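Student: Questions regarding the structure given below will be posed in turn.
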Amino acid sequence: MAAPVAAQDQIAGNPPIIAAAAAPGGEEVTSVAAQDLVGREVHNLDDQIIGEVEGVKVDEKGNVQMVVVGVGGFLGGGERHVAIDWSGIVVSSDGRRLGVNATKKQLQDLPPYIYAEPSHRGTVFGMTTGE
C-alpha cells in the first residue's frame, strides 16, 4: 500500500496527476464555480462513476488547483481520499459532469490524501486557510 500523502506535499505542487482526456462529445468548458464541484460524481471514460469530489483546493486567485476525490467506499465504509490535479479533470461542455482518464482501481492505488484540517472536507479551501 502506498504511503499517505501529507497536505503539505500537495501544496508543494506535487499532487498526483492523471492525464486529461478529451471530453466525449463535449467541448471545453472555460470556467466552473469551485463550490459547485463539491459533491459532484467523477466518471471514467466508460461513463462509470468512480468517485465523488470531497474537497476543492484553490490558489490565492481562486483558481482550482486540485480536487480531492473519495474512492473505494461502500455504504460509507472503506472510502479513502486521493488528490487529482485539476489539469487531469475533464469537464463536460455544460459544466455538469466531471471525468478522468483513469479506472477506479488506478485512483484507489494513488497515495491517500490527508486533509491538514479535517474541516476542509466538503469545502473549497486554500485561499485564506493557510493550507
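The values are calculated or read from the model by the stated rules, or taken from the named source; none is laboratory data. Nothing here was measured: the structure is a model prediction, and the numbers come from that model. Cβ atoms come from the backbone with ideal geometry, glycine included; neighbour counts cover every protein chain shown. Only protein heavy atoms, including side chains, enter the accessible area calculation; ligands, DNA and RNA are left aside. Shrake-Rupley method; radii C 1.70, N 1.55, O 1.52, S 1.80 Å.
Student: Kindly report the accessible area of segment 32-131 per residue (heavy atoms of protein chains, probe 1.4 Å, no ligands, DNA or RNA), in Å².
Tutor: I get 50 Å² per residue for this part.
Student: Please work out how much accessible surface residue 107 shows to a 1.4 Å probe, ignoring ligands, DNA and RNA, in Å² rounded to 10.
Tutor: Taking all protein chains as shown, residue 107 has close to 0 Å².
Student: Per-residue accessible area for residue 80 at 1.4 Å probe radius, Å² rounded to 10?
Tutor: In the full protein context, residue 80 sits at about 50 Å².
Student: Now for a different question. What net charge do the residues around residue 71 carry, taking every other residue with its C-beta under 12 Å from that of residue 71, with Lys and Arg at +1 and Asp and Glu at -1?
Tutor: Local charge sum for residue 71: -2.
Student: To the nearest 10 Å², what's residue 52's accessible area with a 1.4 Å probe?
Tutor: Its accessible surface works out to 80 Å², give or take rounding.
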